[in-house]
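In what follows, a single structure is set out as structure tokens and then discussed.
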Amino acid sequence: MSLTQQEVLHIAKLARLSLTPEEVERYRAQLSAILEHVAQLQRLDTSAVAPLTSMGAESRLRPDEPRPGLPPATLLNLSAQQQDKQFRIPPVFEP
Amino acid sequence: MNPSELSLTEALRQMQKGELSSRELVQASLERIAAYEPQIHAFLHLAGPSALEQADQADARRRAGDASPLLGLPIAVKDVLTVEGMPCTCGSKILEGYLPPFTATAVKRLQQAGAIVLGKTNTDEFAMGSSTENSAYGVTHNPWDTSRVPGGSSGGSAAAVAARFVPAALGSDTGGSVRQPASFCGVTGLKPTYGRASRYGLVAYGSSLDVVGAFGRSAADVAAVFSAYNGYDPLDASSQNLAAAQIALQTESKPRLDGVKVGVPREYFIAGIQPEVEKAVRASIQTLQSLGAELREVSLPHTEFALPVYYLIAPAEASANLARFDGIRYGPRAEAESMWEVFYRTRGEKFGEEVKRRIMLGTYALSAGYYDAYYGQAQKVRALIRRDFEQVFEEVDLIASPVAPTTAFGIGAHGDDPLAMYLEDVFTLPANLAGVPGISLPCGFDSDGLPIGLQLMGRRFAEADLLRAAHAFQQTTDFHLPVPGLGLG
């Protein structure tokens, strides 16, 4: 299992990570080695095994009742940039 | 005796009898931290004067008749759990300066029991690591040999307890992050059952694996802390709606283990394990037998697959959980012209190397075309690993094994080889994958004087069985008593 630089760049894009050229090459080599190691799972025949998807007994629901939360100003104050009681962000769409 | 040398149980006893004040105890902790923290670097944040004010309040409450179980006791908290008013960085630059406006339930319960949080301890970034070297704020040094790592990811908490900075501390365990540093630092560390304690306020890494764990100098001390923080929390839907476990262990008694069946899994004694570790662990299993336990060789046949399963499932969950760190709502933000560039640059520049590696590994394992082969197959093999444990626990009450293949390794020893580092967790990952509880307790020293750990694992929600067996072991051995040299020879 050997990744190409293009594949690493594709994964980084999906993960919203900017990488330096040195990082691309380092992660290409390291992720290839790790994927080679985890590929040993393919040896096992699991056609009759149900995947383990939940650790709890069963999902539980709670009543959907309003309850107090943290004040909006407290949460907004954690942001790097805010304006008029809102998060301030650069443009999402190209002008 | 200096109060910082007292165990949690002894300090509480002396405070209850009026022989010691919380102020004296907290003052002694702060003085010890001031003297030795430069060599150890266990803390990322220290509470300072406010801790002494809280100690005075605790003393006043005690005089007024308050008998809260941990009243006036100083503790430390791993920096992946929020404490209102203290920074929470998770060892990452992406949360530099973040001041959480709420306190984690586990911490809040300890505070309600009277404990005083002295500070936040160092961790591998977002709990991803086995050495605390992945912290963006410098490595923690092992109090037994400061050229070595304390283990990880809860290395700061383990080192703080070993160094006698605090009698007890909280950590988190996703793949061994309480048990392995407990082993490396010669303290006792409990990883409870998945769902036993609230994770509200624990910054999420691997949501099907994460639990809040506790460190102390003995099983009795850990039991007192665990009893105070475990239990159902409506703010965490994964916490099980069970009565909180209350476990009190008498330090005057010499309990036996008659009738307890202990399984010794052959897959945990493998080539590559340090011979002194195997020798000490096997000798301690004999000690359990001498206390009345019945030994049986057992098999957990899918053990060898735990590492590849973990390194698909944990990164996959991490890649989703860490998507929330984008520079918008909290933490520093990289300046850029478009919002997308803000995301790429903030995350690319502020996440450390290991975190980015695991995010990318998880993103790949979940991506179109690879999901079934990687993540889907890992979930199936995880079911086989859990079934191994269920079958063995029909036969035995406890499983005994090494915690880690080696004692504490040197800082920088694993350099640029992430797989070698991952192999450090080979004996601790299975308990997280199966959701069962585990405990690490000191069981010997190697020829360099470094602590060795014994791991006991038990049935789901059977923390009491683990703590009682660990307590029986410690009431007849003294491996948990020596004090490390703190780099002063």
Is the shape of the stretch B:1-121 best called rounded, prolate or oblate, per the rule: a/c under 1.5 gives rounded, else a/b larger than b/c gives prolate, else oblate, with a ≥ b ≥ c the square roots of the Cα gyration tensor eigenvalues? oblate
For Cα pairs less than 8 Å apart in space and 6+ apart in sequence, what is the mean separation divided by the residue count of chain B, i.e. the relative contact order in percent? 18 percent
Report the paramagnetic label zone for B:A248: residues of the stretch B:449-476 whose backbone N is under 17 Å from a point 7 Å from Cα along the Cα-to-Cβ axis. B:464, B:468
Quick one: which residues, 5 or more positions from B:G213 or on another chain, have an amide H under 5 Å from its amide H? H modelled 1.01 Å from N in the peptide plane, none for Pro or chain starts. B:G171, B:S172, B:D173
Distances longer than 37 Å among the Cα atoms of the protein assembly as shown: what percent of all pairs is that? 29 percent
Using alpha carbons only, how many angstrom separate the centre of the stretch B:1-43 from the centre of the stretch B:227-254? 25 Å
Which distance in nm do the two modelled labels at B:S50 and A:A33 give, with both placed 7 Å along the Cα-to-Cβ direction? 4.3 nm
The stretch B:153-192: radius of gyration and largest Cα-Cα distance (Dmax), Å: 8.7, 26
Kirkwood-based Rg over Rh for chain A (C-alpha set), two decimals? 1.16
For chain B, compute the orientation-averaged projected area of the C-alpha convex hull (one quarter of its surface), in nm². 21.9 nm²
Cα-centred dipole magnitude for the stretch B:1-117, charges only on beta-carbon of K, R (+1) and D, E (-1), debye, nearest 20: 320 debye
Calculated FRET efficiency, B:S447 and A:D84, Cβ-Cβ r, R0 56 Å, to nearest 0.05? 0.25
Quick calc of log₁₀ I(q)/I(0), the stretch B:370-485, Debye, one scatterer on every Cα, no solvent, q values 0.10, 0.19 1/Å, result -0.40, -1.10
Along the positive direction of the dipole of chain B (beta-carbon charges: Lys, Arg +1; Asp, Glu -1; about the Cα centre), which of B:P332, B:Q391, B:M421 reaches farthest? B:Q391
Specify the inter-centroid distance of the stretch B:45-70 and the stretch B:419-440, based on alpha-carbon positions, in whole Å. 37 Å
Going by amide H atoms built from the backbone, whose H comes under 5 Å of the H on B:L454, apart from near neighbours? B:L441, B:C443
Listed pairs B:K254/B:K279; B:K120/B:K350; A:K85/B:K108; B:K120/B:K254; B:K108/B:K191 exceeding 27 Å between Cα atoms: A:K85/B:K108; B:K120/B:K254
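Every read-out reported here was derived from the displayed coordinates using simple, explicitly stated rules and does not represent laboratory data. In this text the structure is predicted, and so the values were computed from the model without any measurement. Methodologically, a virtual Cβ is constructed for each residue, glycine included, from the backbone with ideal geometry; neighbour enumeration extends over all protein chains shown.
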